[in-house]
């Protein structure tokens, strides 16, 4: 994600909504042992144990921080809904977030004829996957959205689970991305200090088949970014894995190691984020070829602890 922060005070603040949907828990690592075995890619390191997961059978999401839900819609400890120092112009909200006008995000998007997906607009759970979306906003709606020209989804696990060492695994597919879109799957520290940052995946819409596995540990590891070509799969889904031990950080895709570096961050607790940036420095501005809504589909998130 390459956050450029000189101080958190410069970040854009947007009011936090007080509404939280009523959602059933989609399942935790307390499931029966045989159920755990069914939910295994076979790529997790030997003798690691599943300690947290979301299979996205239901949506557990809050616009509050902190929350008892599994995910939240924005950067809670930083108290921001975009990353302006990256040039990010997409505000991160939920369908039920109240806008300046008093109506909700979903009501505003419906008013301009944006087609709602089954289950909503921004965070859509259907058939066991979560679809994250981003939309462009017509000029007449932008004042309702605090002046932002785009609205986007993200999920942050900072309230639900974090660990220093272990293995993180996410299966996802990039369904609709184009110019002006930047998607990242990343780990940051619970102390709200940046760096460190570990990116399981970064991709921009202008080069959809070039993936990056990145590490920002304050300049200790160089180069920070590892570029590689997307491997082919029958359905476009990929399994992204990250193993962190006291000695090494290891990035994997579909069970294959693509990068390995010495561990130089120290014993910091990390949590997972999946997020869009829109019209930021790296992808540039959208144009007439950009597909809307942008869409990334997540099949599951699974987190393992070492033996």
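Among the residues of region 123-158, how many are in contact with a helix residue (DSSP H, G or I) (Cβ under 9 Å, 6 or more places away or on another chain) and in contact (Cβ under 8 Å) with a residue 40 or more places away in the chain?
Start the filter on region 123-158 by keeping residues that are in contact with a helix residue (DSSP H, G or I) (Cβ under 9 Å, 6 or more places away or on another chain), which leaves 135, 137, 141, 144-145, 149, 151.
From the residues that got through so far, the ones that are in contact (Cβ under 8 Å) with a residue 40 or more places away in the chain too are 135, 144-145, 149, 151.
Qualifying residue count, region 123-158: 5.
Against the condition farther than 21 Å from residue 303 by Cβ and at pLDDT 95 or above, how does residue 138 come out, does it pass? First the steps, then the outcome.
Numbers: farther than 21 Å from residue 303 by Cβ: yes; at pLDDT 95 or above: yes.
Against the criterion (farther than 21 Å from residue 303 by Cβ and at pLDDT 95 or above), residue 138 qualifies.
Quick one: residue 245 ticks every box in (1) closer than 23 Å to residue 157 by Cβ; (2) without any contact (Cβ under 8 Å) to a residue 40 or more places away in the chain; (3) surrounded by fewer than 19 Cβ atoms within 10 Å (Cβ to Cβ) bar one, so which box is it?
The one condition residue 245 does not meet is (2).
Taking the conditions exactly as written (surrounded by 15 or more Cβ atoms within 10 Å (Cβ to Cβ), modelled with pLDDT of 95 or more and under 22 Å from residue 151 (Cβ atoms)), does residue 301 satisfy them or not?
Considered against the rule, which asks whether it is surrounded by 15 or more Cβ atoms within 10 Å (Cβ to Cβ), modelled with pLDDT of 95 or more and under 22 Å from residue 151 (Cβ atoms), residue 301 comes out as no.
Results for (1) in a strand (DSSP E or B); (2) closer than 18 Å to residue 92 by Cβ; (3) under 10 Å from the mean Cα position of the chain (by Cα); (4) modelled with pLDDT of 95 or more, shown as yes or no for each residue.
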residue	(1), (2), (3), (4)
155	yes, yes, yes, yes
167	yes, no, no, yes
184	yes, yes, yes, yes
193	no, no, no, yes
200	yes, no, no, yes
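Identify all residues within region 192-227 that are more than 21 Å from residue 263 (Cα to Cα) and surrounded by fewer than 19 Cβ atoms within 10 Å (Cβ to Cβ); write none if there are none.
206, 207, 208, 209, 210 - these are the residues of region 192-227 that are more than 21 Å from residue 263 (Cα to Cα) and surrounded by fewer than 19 Cβ atoms within 10 Å (Cβ to Cβ).
Would you confirm whether or not region 71-88 contains a residue that is on the phi > 0 side of the Ramachandran plot and buried (at least 20 other Cβ atoms within 10 Å of the Cβ)?
Checked region 71-88: no residue is on the phi > 0 side of the Ramachandran plot and buried (at least 20 other Cβ atoms within 10 Å of the Cβ).
Test of understanding: among 95, 54, which residue is touching a residue at least 12 places away in the same chain (Cβ under 8 Å) and in contact with a helix residue (DSSP H, G or I) (Cβ under 9 Å, 6 or more places away or on another chain)?
Going through 95, 54 in turn, just one is touching a residue at least 12 places away in the same chain (Cβ under 8 Å) and in contact with a helix residue (DSSP H, G or I) (Cβ under 9 Å, 6 or more places away or on another chain): 95.
Name the residue, out of 265, 278, that is buried (at least 16 other Cβ atoms within 10 Å of the Cβ), farther than 14 Å from residue 185 by Cα and within 19 Å of the chain's Cα centre (by Cα).
278 is the lone residue from the list that is buried (at least 16 other Cβ atoms within 10 Å of the Cβ), farther than 14 Å from residue 185 by Cα and within 19 Å of the chain's Cα centre (by Cα).
The values are calculated or read from the model by the stated rules, or taken from the named source; none is laboratory data. The structure presented is a predicted model; accordingly, all values stated were derived computationally and were not measured. All Cβ positions, even for glycine, are placed from backbone atoms using ideal geometry, and neighbour counts span all protein chains on display.
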